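Inspection log for the structure reproduced underneath, given as structure tokens.
The values are calculated or read from the model by the stated rules, or taken from the named source; none is laboratory data. Model, not experiment: these values are computed from the prediction. All Cβ positions, even for glycine, are placed from backbone atoms using ideal geometry, and neighbour counts span all protein chains on display. In case anyone asks, the SASA skips ligands and DNA or RNA and just uses the protein heavy atoms, side chains included. Shrake-Rupley method; radii C 1.70, N 1.55, O 1.52, S 1.80 Å.
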Amino acid sequence: MQNRKRNTVWIVDDCQLNIDILTRILQRDYRIKAATGGLDALEQMKKTPTEIAAIIVDLHMPGFSGFDFLKACKERASLKEVPVLISSAEDQLRIEKRCLESGASDFIPMPYEPSVVRYRLRNVIERTWFRVNENDPLTGVSSKEKYIADTERYQIEYQEKKISIVSLDIDNFKAYNYFFGVEEGDRLLQYVAQVMVEFLDQGDKYCFGRYGADCFLITCEYSEERITQMLSNLLERFNVYNASYRIKPAIGVYIIEDPDWPIEMMINAARMAGNQCKGKFHQYIAYYDSLIGDEVIREQEILNEVEQALYREEFVIYYQPKYSLLSGQADGAEALVRWERQNRIIMPNEFIPILEKSMQIGQLDFYVLEHVCMDIQALIAQGIRPMPVSTNMSLVNLYNPNYAKQIQGILLRYNIPPELINLEFTESAFVENTDLIRGVMRQLHEIGLRIFLDDFGKGTASLTMLYQLPVDLLKIDMMLLPDHPEQDRGGKILSSIMQMANMLKLPVVCEGVENEQQVKFLRKMQCDYAQGFFFAKPMSKERYEAGLKDGFPVMALEKYDDCINAEMQWNSLGWVESFFNSVDTPMMVFAMQDDIFHVVRINQKMQKFYGRDFTEEDIENFYNSDRLSKETRARFEAEAKAAIHSKTALQIDFSVTMPKRIFRKEDNLWIRMNYRYVEYRGGVAFYSATLKDMTAEGNHGSIKNEKTYSEDFAKTALKMSNVNAWYYDPHTHEISFEVELTRDYGWGEVLPNVPDSIIESEIVHPEDEEPFREFYRRLDAGEPFIESVFRIKPELNANSYELCRMAYTNIYDRNNHPVRAIGVSMHVANEEKNVLTAYREGHFQRMISPDVYFMAIMNLTTMSLELVQTGIEELEGDFHDKPHMEVFEDALDFFVRDLHVRAELRSLWAERRLEKNFEEGKTYLEYEFRKDWKDTGKRQWMVWQIFLQKRPVTGEILAYVYIRDNDKDIRERQGLQKAARIDSMTGLLNHNAAVEEVENYLLQAGENGFCALFMIDIDYFKQINDEHGHLIGDEAIIMLAKKLRKNFRQSDVVGRYGGDEFIVFMRNAESLEQVREKMIGLKKALNMHLEAEQASFDFTCSIGYAVRAKQEADCHEMIEAADAALYEAKRNRIQGTL
Amino acid sequence: MSKLTEELRTMGCDMDGALNRFLQDEEFYAECYAQVMSDPSFDQLKSALDAGDVEEAFHCAHTLKGVIANMGLTPLLNIVVDLVEPLRAGKLDGMQEKYAALLAERKKYEALL
């Protein structure tokens, strides 16, 4: 059987005569094509490699011999399988061996013997093309080659039937691989193969094979019913296979019309059809029709013309400015390309996708870049200040080994500073081969170019990619967003992307912004930049130039801001919350918007300080208008607003009624609030504040400004997350460093003579030296907050500079002179940002909370440790190699002896109860225990705290573990507890405390103690109240209380039982006589006179008592007995009775 | 049989083999014959020999060998083979003489055109 499609034989010979002769011999059986040079032949063969049945090549050709040709064929995937026969006038024996060793299929001797030539050629062709029967190693079904060979045979065998070629793909198989891993992806393919074979075996003869990746091909007699059955079978089986993920097949059908089409073309037709249903939720099957074919032809036409168009410069650059959403000003532009062809403008979406497929896009990219550079050069020459322009770059460039060099070449040619050019890559470009891409990006960064990620969120591999690639900015298309972004899923996606970008400190540009709603939404999301018709349309070079010269219109964006959810804003600061919780001061964050104040958060310390059940609502009540005086509120609002501009620390004292549930008194409290303005984001001003109860200090209103460093650090921490931090002393010009910087630059702990010493060390880019000095001059002058970006070497001996954002916050003494400044810095573009963030976070944690002995961040989802920070030598070391349970056990062993706490903590980890807690909404757990320090012998209260938090975007659950000093807290709490036992009016024990004391004593004393219990009240107390008022009644109670305290021993229990009733308990009374004597004496002592402004009167008290001797009477029985005696005494008139 | 092929046969050429190769197409054979007589390899061989370039000389001789063999011009082929083998071994000695003999022989064949 002759191979129908592979029927071309190529003859490559430098001698035309030989070609002619061979052609004569072979043209009856084959289509003959010929070339007189090997390279020329290879070039031409590229066009139709699938038609070639065999190649006959002359051994001796000048420059490029038959062997060279043979080798080249074997290196080309499309020609590898094609048999090559070598023809030569050489003696066959002499060279045959070498030919065969080189991979030649046979040898054709000269002079040609037609029958020999024909025989050998046919033999080789049949051997090659009908030999193919390998199976696909993964799925066991036919390989691509075998499928093609089978189909060719099938076509001949079933010539009279209507044959269909069907392609079957998994829609978005890449995503499947991404979600479940490549191994699982492979398993799915095996499953598909198995399901298909089972299905096809039930019907008539068919061919089936795997074409590559996730594409399978079926050749069978066409029947619509059969194809529908195939689909429903697949859907059913997919559902059985993985019900949690919708595996969607995409089926393309080509019904063979022209049997002379090459089989590859038929396959392409089926696949093109199949592509039509990709990405469409409900379309599974598509048929090839000539429209699709027309599309292909049109694409080919465009491709043919691009070369010419590039040459004729038909591609024209348009510029679209992008706007800062903060300032409303134009800040950079994107270069867009239009094809002006014969007075018609072709938009990029018509030709870019086609060029992308053909790889010609790279040429266009460079064309645009070069024209942008030319335009910028012209601007500079005219004295117009240019803005940075971003140009689009396609993925193919990344595979060009000279890419970075070529770009640098263009920049140099037009003398363009690299910071004026940004490169925009499409996200889909980064799916594979991250190492290669990272390498190219590094080169681009070294040149000084910034890299934007275009169309972020549209592809699949975006999240991991962001961590892996050194990208400087994200561009997101607004397309997802309808008119009401907040209610929509698209809006949620956008906002979560922005939160993530925020976390990574990546600026975001939103493209396609067209209306107010979108601007509102973006402002709210703190998106950095926007681009779209709402701001500016793409404009010609001339209009862009005019805009730069005259200034682009400034947009007033504040008017689009409406009520913003401060909570959401705060949450976008991500893990900063855990910071805040570790600050060693009761603290809260509140926000002001439209003159209304909300509490955003209070920290753990605050909750502890004011009691267990203290809530944010309670705090909110602090300056709720009902509670605060009008004046205080007005002052507070005015000052808080002013603070946004002055950026100074403020304080306010105010009186407030504390809610009852707090342990202490129910009186008015004087609260001192120290607060600072932190940041202004999306229309909300944030403040951090510390609260202090000043009631005890008395002197309300004029207390000196007192501020802790930890508060300042917290403030700084809130402002920046992945940072280096240090102190700067404006008087000595010294910097005291943290460990990190010392290691990076090899400096000691203190660096004198700043900034000169830094500049001398040559880590600052020469051009930035002067701004750097200016920066410190501003600092020394006392500016409250300064911030700037410099090019700084990451290490002392580094060859390149990195963009480094540096900020200082000044701290003032009470005369408002700067005393110290907190400096922070971070690398703006740093691919290890992720790691560093974690590292510095821990760093900060320790700095701002000196009471933390151990802190760890455990990722409960991946069961790994992300960070361990501890000052305890025994626990230090490289945690990276350790499983998180081991570090947990080490910490447990070192700190906790208490068996109960140990068991609790262990079960939290071992039984994964932490996750359960988190799911139930519990994000904070704590366990108190005592630690005995072996070296000092000190016993110390400590607390093991766990903050649970979900990492935005990835959804991993993190446990922040702190083991910290709790001694002070416990003591304070014990103090509070003591306070809680005291009756606030009389200073005696209150009812519960008194009863508790008595009970405790009775319990301890057992049956042995002889003791007495007195109940005392004021006679006619109700009358006193009625006649003289409650205040006087209270006075009488206080007088009685004082008398009682004076008349009993310190060890006796004296308490206010309620109202005017008191309880006294004598421990260790000696005898009944002694008690009786005591009672008589007391009775006398309690005849009292009260002298007040409007009242002067005498009053007496009644006393009842009960004694217990070796009896089993409990407290309540004694009280009942004494009460009964008291009642008896009263009934027997006024006189106290026993 | 055409006049050309008859003549060649009398000069000792393998006309049976050659015509078999040319599928008995005498006209096509005649076309090729004319081409062979003016094949540039003859001149290139001369230049290579003059320049002492053994490799190039071998290549040219080898090309001629193939072409002439295909044409079945046995007497001419014998001279070419005499050139090819020493050149393959890298020898230039006496090659000019043999080339002269080749050209002299070619003259006879050219006369037939």
Going through the range A:156-179 in order, the residues found to be in a helix (DSSP H, G or I) and either open to solvent by less than 80 Å² (accessible area, probe 1.4 Å) or within 20 Å of A:Phe208 (Cα to Cα) (or both) are A:Ile156, A:Glu157, A:Phe173, A:Ala175, A:Tyr176, A:Asn177
Among the residues of the range A:26-79, count how many are within 30 Å of B:Ala57 (Cβ to Cβ), open to solvent by less than 20 Å² (accessible area, probe 1.4 Å), in a helix (DSSP H, G or I) and among the aliphatic types (A, V, I, L, M). 4
Anything in the range B:46-70 that is under 29 Å from B:Ser2 (Cβ atoms) and out of contact with any Lys or Arg (no Cβ under 9 Å at 6 or more places or on another chain)? List them, or say none. B:Thr63, B:Leu64, B:Lys65, B:Gly66, B:Val67, B:Ile68, B:Ala69
Taking the conditions exactly as written (open to solvent by 10 Å² or more (accessible area, probe 1.4 Å), part of a helix (DSSP H, G or I) and in the same structural domain as A:Leu364 (by TED's automatic domain parsing)), does A:Asn304 satisfy them or not? yes
Output the helices (runs of 4 or more DSSP H) that fall wholly within the range A:857-926 and possess 1 or more residues being open to solvent by less than 30 Å² (accessible area, probe 1.4 Å), among the aromatic types (Phe, Trp, Tyr) and modelled with pLDDT of 85 or more, or say none. A:884-895
Scan (1) in contact with an Asp or Glu (Cβ under 7 Å, 6 or more places away or on another chain); (2) closer than 25 Å to A:Glu126 by Cβ; (3) of a type in the set (Asp, Glu) for the single condition A:Asp14 breaks and write down its number. (2)
Would you confirm whether or not the range A:92-110 contains a residue that is within 14 Å of chain B (Cβ to nearest Cβ), at pLDDT 80 or above and surrounded by fewer than 19 Cβ atoms within 10 Å (Cβ to Cβ)? no
List pairs: first residue in the range A:66-82 and of a type in the set (Lys, Arg), second residue assigned to a helix (DSSP H, G or I) and modelled with pLDDT under 85 anywhere in the structure, Cβ distance under 8 angstrom, at least six positions apart or on different chains. A:Arg76/A:Pro49; A:Lys80/A:Lys74
Which condition does A:Cys215 not pass, out of (1) open to solvent by 10 Å² or more (accessible area, probe 1.4 Å); (2) at negative phi, if it passes all the others? (1)
Just to be sure I understand, how many residues within the range A:518-537 are within 29 Å of A:Arg338 (Cβ to Cβ) and either of a type outside the set (S, T, N, Q) or open to solvent by 30 Å² or more (accessible area, probe 1.4 Å) (or both)? 12
Wholly within the range A:318-420, which strands (runs of 3 or more DSSP E) include no fewer than the required count, namely at least 3 residues that are without any contact (Cβ under 8 Å) to a residue 60 or more places away in the chain? A:330-341, A:344-346
Being outside any loop (DSSP other than H, G, I, E, B), touching a helix residue (DSSP H, G or I) at 6+ places or on another chain (Cβ under 8 Å) and away from every other protein chain (no Cβ under 14 Å) is the filter here; which residues of the range A:111-131 pass it? A:Leu121, A:Trp129
Counting only residues that are within 14 Å of chain A (Cβ to nearest Cβ) and open to solvent by 30 Å² or more (accessible area, probe 1.4 Å), give me the helices (runs of 4 or more DSSP H) lying completely in the range B:1-106 with at least 2 of them. B:15-21, B:26-37, B:40-51, B:54-71, B:74-88
When the range A:180-196 is examined, which residues are found to be over 19 Å from A:Asn275 (Cα atoms) and open to solvent by less than 10 Å² (accessible area, probe 1.4 Å)? A:Gly185, A:Leu188, A:Ala193, A:Val195, A:Met196
Any chance A:Phe199 is among the aromatic types (Phe, Trp, Tyr), surrounded by 15 or more Cβ atoms within 10 Å (Cβ to Cβ) and touching a strand residue (DSSP E or B) at 6+ places or on another chain (Cβ under 9 Å): no
